Amino acid sequence: MTMLAEAIDVVIGVDTHKHTHTAAVVAAGTGAAVEHATLAADPEGYAELVALADRHSGLRVWAIEGTGSYGAGLARHLAERGELVIEVDRPSRPARRNGAKTDALDAVRAAREALSREHLAQPRTGGQRAALAVRLAARRSAVEAATVAQRQLHALVVTAPEPLRARFRGQTTRAMLATAARLRIQAAWDLETRETATALRALARRVHTLGTEARDHEQAILAIVRSWRPDLLEQQGIGPIVAAVVLCAWSHAGRCRHDAAFANLAGVAPIPADSGQRTNRNRLNRHGDRQLNRALHTIVLTRLRLDPATRAYAERRRAQGKTDREIKRCLKRYIARQLYRQLETGPATT
């Protein structure tokens, strides 16, 4: 396998921040830092970074930290110019504590890490994937805020004065929200009762508003998925949200080298846990993209309930001594392989 240092002449490592980016030009052959600079994180600063790289001849590659966050604008600017961009992780905290911590040193670390890697990570693409990511983030925020408001409503009802508490006794959460949203302040109530009723009504209306917002985001997500990869929605257990999470993690063909890399990204790659007592088992993998892992878990639970083939597989593995948790982990790995192959080959054309 050809190492990166054998194919290029310089690596420009970039430590990204909200308002500034620090770049370091590192010679691929020696790993020595040749030049570094700190520039603004705006189009003018991006152009100056490119001019900095142009001062050094030969083939080059950019190693950027945070291409999905602070480095997104720079990665997009470089992609439009046809530059080769590699995504690198930010240095771990223990490594930083062992030595000096400056933006210039982090930029050099990014470049040298790219030189030392056998497999290079490509940044996620924009376009439809970025649109899905934005909608997913907004929907997730609305759902979480609605959940918090519901919990607050339940807590207020428990401690509410009896004239209010009696109205909610024995009701489900949905009924409580409807009752609270229709509350009218009565003049005979004391101050505590009036203020509690006002707060309950505000919380219930907030939940309804957030629910409407979340449904609007879901409809937009469904439209994007249908226009991009409608074949995913044909798979059992995959709805618009699960499909969007999978597509955001996968991004584009070729980003993951093979199905094992995609499984590792999802945190479903088996991790051996041999205790030395002639046991052969795998333990829980807590790494990877946890949103993607959760999406695969949702697919597994759905298929265990509705898919006869999946249920038969679970029964067969259970008879072999596998626990339910181990069976679910196996199914996640199989589904990750199936999704990867489907995504890489593209939707069938008629």
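The values are calculated or read from the model by the stated rules, or taken from the named source; none is laboratory data. Remember, predicted model here, so these are calculated numbers, not experimental data. Don't worry about glycine lacking a Cβ; one is built from the backbone with ideal geometry, like all the others, and counts go over all protein chains shown. When the accessible area is computed, the model is the full protein with side chains, heavy atoms only, and any ligands, DNA or RNA have been set aside. Shrake-Rupley method; radii C 1.70, N 1.55, O 1.52, S 1.80 Å.
Quick rundown of the values:
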item	result
Pairs with Cβ under 6 Å, 6+ apart, first in segment 321-336 and in contact (Cβ under 8 Å) with a residue 24 or more places away in the chain and closer than 15 Å to Thr298 by Cβ, second open to solvent by less than 60 Å² (accessible area, probe 1.4 Å) and of a type in the set (Gly, Ala, Ser)	Ala336/Ala263; Ala336/Ala266
Residue list for segment 228-246, filter: among the charged types (D, E, K, R), touching a residue at least 40 places away in the same chain (Cβ under 8 Å) and outside any loop (DSSP other than H, G, I, E, B)	Asp231
Subset of segment 299-319 [surrounded by fewer than 20 Cβ atoms within 10 Å (Cβ to Cβ) and touching a Gly at 6+ places or on another chain (Cβ under 6 Å)]	Thr302
Hits in segment 118-129 (condition: outside any loop (DSSP other than H, G, I, E, B) and of a type in the set (A, V, I, L, M, F, W, C))	Ala121
Which listed residue, of Leu156, Leu115, is modelled with pLDDT of 90 or more and in a helix (DSSP H, G or I)	Leu156
Selection count where residues are among the small types (Gly, Ala, Ser) and under 30 Å from Leu343 (Cα atoms), scope segment 174-227	4
Selection within segment 21-60 - open to solvent by 50 Å² or more (accessible area, probe 1.4 Å), of a type in the set (Ser, Thr, Tyr) and either at pLDDT 95 or above or assigned to a strand (DSSP E or B) (or both)	Thr38
Meets criteria (in contact (Cβ under 8 Å) with a residue 60 or more places away in the chain and open to solvent by 70 Å² or more (accessible area, probe 1.4 Å)) for Pro270	yes
Matching residues, segment 93-112, being hydrophobic (A, V, I, L, M, F, W, C) and either open to solvent by 60 Å² or more (accessible area, probe 1.4 Å) or modelled with pLDDT under 85 (or both)	Ala95, Ala100, Leu105
Selected residue (criterion: nearest to Gly267 (Cα to Cα)) from residues of segment 325-350 that are charged (D, E, K, R) and exposed (fewer than 13 other Cβ atoms within 10 Å of the Cβ)	Arg325
Residue count, segment 175-227 (criterion: in a helix (DSSP H, G or I) and open to solvent by 50 Å² or more (accessible area, probe 1.4 Å))	20
Count of segment 1-20 residues which are part of a helix (DSSP H, G or I) and in contact (Cβ under 8 Å) with a residue 24 or more places away in the chain	3
Lone qualifier among Gln171, Gln219, Gln235, Gln186 - being under 30 Å from Val300 (Cα atoms) and at pLDDT below 95	Gln235
Among (1) open to solvent by less than 70 Å² (accessible area, probe 1.4 Å); (2) closer than 29 Å to Ala133 by Cβ; (3) of a type in the set (Lys, Arg), the one test that Lys322 misses	(2)
